[in-house]
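The values are calculated or read from the model by the stated rules, or taken from the named source; none is laboratory data. All values derive from a computational prediction rather than experimental measurement. Here the Cβ positions follow ideal geometry from the backbone for every residue, glycine too, while neighbour counts run over all protein chains shown.
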Amino acid sequence: MKNIASKVRKSLISIVCYALILILLSHLFKQTIQIDTSIFGLWAFLVSTAIYILNKTVKPLLFSLTLPITAMTLGIFYPFLNVLILNIVDFLFGTHFNIRGIFMSFIVACLISILNVLTEQIIIQPLLRGDKHESNYV
């Protein structure tokens, strides 16, 4: 049961961090990515939840289907999967999440990936390690 709670906690922390990254990038790249930040960032949370779910379900399937192209391009094609996920979410959320332009959305997708790796290393893993240390003493 503690393992499930730990996975749920990691998912929620990841989604919140992802929402903060999306809000930050929407402020930095106002012409490329726009998120409706009304209702105290609820749309950013919903968009990041959708991206998280698509990354866990659809992206592995897309990766396996495009593996030959990704291998031939030495991995350069992989960020385009992130662009595709962002465009799917853009389609799903309509006016509450917009992404424009293929080149700039490629750059934004790369920045999202880099920031996700950093938040995983700096925030998420230390928080989860702290949970493991606490559970040893309880």
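Six or more apart or on different chains, Cβ atoms under 9 Å: show the pairs whose first residue is in segment 17-34 and part of a strand (DSSP E or B) and whose second is of a type in the set (Lys, Arg).
Ile33/Arg100; Gln34/Arg100
The conditions are (1) of a type outside the set (Ser, Thr, Tyr); (2) modelled with pLDDT under 90; (3) closer than 18 Å to Ile107 by Cα, and Leu42 fails exactly one of them. Which is it?
All conditions are met except number (3).
Could you please give the count of residues in segment 68-84 that are part of a helix (DSSP H, G or I) and under 21 Å from the mean Cα position of the chain (by Cα)? It would help to see each step written out before you state the result.
Initial filter on segment 68-84 (part of a helix (DSSP H, G or I)): 68-72, 78-84.
Within this subset, residues satisfying the condition of being under 21 Å from the mean Cα position of the chain (by Cα) are 70, 78-84.
Within segment 68-84, residues that are part of a helix (DSSP H, G or I) and under 21 Å from the mean Cα position of the chain (by Cα) number 8.
From the list Asn98, Asn87, pick out the single residue that is surrounded by fewer than 19 Cβ atoms within 10 Å (Cβ to Cβ), at pLDDT 90 or above and outside any helix (DSSP H, G or I).
On the way: Asn87 fails: outside any helix (DSSP H, G or I).
Exactly one residue qualifies, and that residue is Asn98.
Which residues, counting only those in segment 1-42, are among the aliphatic types (A, V, I, L, M) and touching a Phe, Trp or Tyr at 6+ places or on another chain (Cβ under 6 Å)?
Going residue by residue through segment 1-42, those that are among the aliphatic types (A, V, I, L, M) are 1, 4-5, 8, 12-13, 15-16, 19-25, 28, 33, 35, 39, 42.
Passing the criteria: Ile15, Ala19, Ile35.
Could you please let me know if Thr32 is buried (at least 17 other Cβ atoms within 10 Å of the Cβ), modelled with pLDDT under 90, among the hydroxyl-bearing types (Ser, Thr, Tyr) and within 18 Å of Ile112 (Cβ to Cβ)? Give the derivation first.
Numbers: buried (at least 17 other Cβ atoms within 10 Å of the Cβ): yes; modelled with pLDDT under 90: yes; among the hydroxyl-bearing types (Ser, Thr, Tyr): yes; within 18 Å of Ile112 (Cβ to Cβ): yes.
Answer is yes for this residue.
With the condition kept exactly as written, say whether any residue in segment 37-56 is exposed (fewer than 13 other Cβ atoms within 10 Å of the Cβ) and under 22 Å from Lys10 (Cβ atoms).
For segment 37-56, residues exposed (fewer than 13 other Cβ atoms within 10 Å of the Cβ) and under 22 Å from Lys10 (Cβ atoms): present.
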